[in-house]
Each structure stands twice: as structure tokens, then as C-alpha cells.
1. Once you keep just the Cα pairs under 8 angstrom separated by 6 or more residues, what percentage relative contact order results for the chain?
2. Please report the carbon-and-sulfur percent of the accessible area for the chain; probe 1.4 Å, protein heavy atoms only, DNA, RNA and ligands left out.
3. Residue by residue through segment 52-63, what is 3J(HN,Hα) from phi via Karplus (6.51 cos²θ - 1.76 cosθ + 1.60, θ = phi - 60°)? Round to whole Hz and write x for glycine and proline.
4. Please report the base-10 log of the normalised intensity I(q)/I(0) for the chain, using a Debye sum with one equal scatterer per alpha carbon and no solvent, at each q in 0.17 (1/Å).
5. Any chance you could give the angle, 0 to 90 degrees and rounded to 10, that helix 102-111 forms with the longest Cα principal axis of the chain?
6. Normalised by the residues of segment 90-147, what does the relative contact order come to in percent, with Cα pairs under 8 Å and at least six apart?
7. Taking the solvent-accessible surface of protein heavy atoms with a 1.4 Å probe, what is the per residue accessible area of segment 31-150 in Å²?
Amino acid sequence: MNLLPLLLNRLGNTARVAVARVLTAGLYYPWRACEKLSGQSLGCVAHCHHLLRDIFRKLGPSWPVCVAFQNPVSRGRSLRMRLDLCEITQLAYFRDAGRYEEQWLLVIADAIKHARCFVDIGAHFGHYAMAIAQASPGKRVIAVETAPENV
């Protein structure tokens with residue numbers, strides 16, 4: 001019987017985040033450094049994310065962490081999120097320290113300044129909806145996600 005997944009599942013959030021940071025940095029940054037040094041692509045960054053996801057899935061069926069990152073739309077405020085690092089998009093958000101698709105989020109926030117409502121269709125884990133809701137407390141925000149595995 002493999003005791004590692006059982007032990008890792010009993011870790012507290014701080015330890016799970018620390019393990020995740022070591023695994024993420026330990027694969028992603030050497031991957032990118034090898035690409036820069038060799039001048040060749042080792043495959044797209046998504047391939048690296050798939051490898052990381054597979055590592056987390058070997059450790060357990062899910063790898064939930066609770067993290068807080070700066071809200072790019074509402075500077076000085078933090079977004080607290082519960083992420084499952086066995087999911088590619090949530091893993092990318094974790095690796096990018098909350099800056100995942102930051103430019104798109106800033107464009108959207110600017111475009112809806114005078115809107116009364118923001119509807120996030122295909123919300124996945126709610127990154128856009130949560131950032132907009134926190135930055136615009138008077139705005140109605142609706143997040144819609146139809147795939148149960150993404151909610």
C-alpha cells in the first residue's frame with residue numbers, strides 16, 4: 001500500500017501549498033530555462049501544465065489548496081480562492097500567483113465600468129466573476145458554469 005497519498009491528503013493547507021510551490025517551481029522554471037538556453041521549444045507551456053497535473057493526480061484524486069492573491073482589478077485587495085491543482089486552469093492560476101489572464105481581466109473591467117451587471121458565461125472556477133465582484137461591489141455579477149466538473 002502506498003502511504004504517500006494518504007499522508008499528503010492529511011497535510012494542512014500551508015503544507016499543501018508549500019509542496020505545490022516546490023513541485024510547480026521545480027518543473028516549470030527549469031523547463032522554461034532549458035527552452036531559453038537551447039533556443040528550442042520543449043513543447044508548449046500547456047504540456048508542462050499537463051505534466052504537473054499528472055504529478056498532482058498521482059498524489060491523490062484532488063489537490064485542494066486555499067490561496068490568496070492580489071486582485072488585479074482592485075489593487076490592494078486580495079482574492080481568496082480554493083483551487084484544485086489537479087485541474088489545468090486552476091494550476092495555471094496558482095503558478096501565475098493570481099495573474100492568470102490578467103490582461104484580459106483588466107480589459108473586461110475597463111469595458112464594463114458603466115455597466116450594471118457582469119455575466120461570466122463559462123465561469124469555470126470563477127476567477128473573472130470574483131475579481132469583478134470584489135472590485136465593483138455595486139455591480140451585479142452572475143457566474144454561469146454548466147460543466148459540473150468545472151464548478
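The values are calculated or read from the model by the stated rules, or taken from the named source; none is laboratory data. Keep in mind that this is a model prediction, so the values were computed, not measured. Protein only, heavy atoms only, side chains kept; ligands, DNA and RNA dropped before computing areas. Shrake-Rupley method; radii C 1.70, N 1.55, O 1.52, S 1.80 Å.
1. Numbers: 170 pairs, mean separation 25.6, N = 151.
For the chain, the relative contact order is 17 percent.
2. The nonpolar share, carbon plus sulfur, comes to 58 percent.
3. Each residue of segment 52-63 in turn: 4, 4, 5, 5, 4, 5, 5, 7, x, x, 8, 9 Hz.
4. Debye intensities relative to I(0), on a log10 scale: -1.04.
5. The helix 102-111 is inclined about 10 degrees to the chain.
6. Result for segment 90-147 is 32 percent.
7. 57
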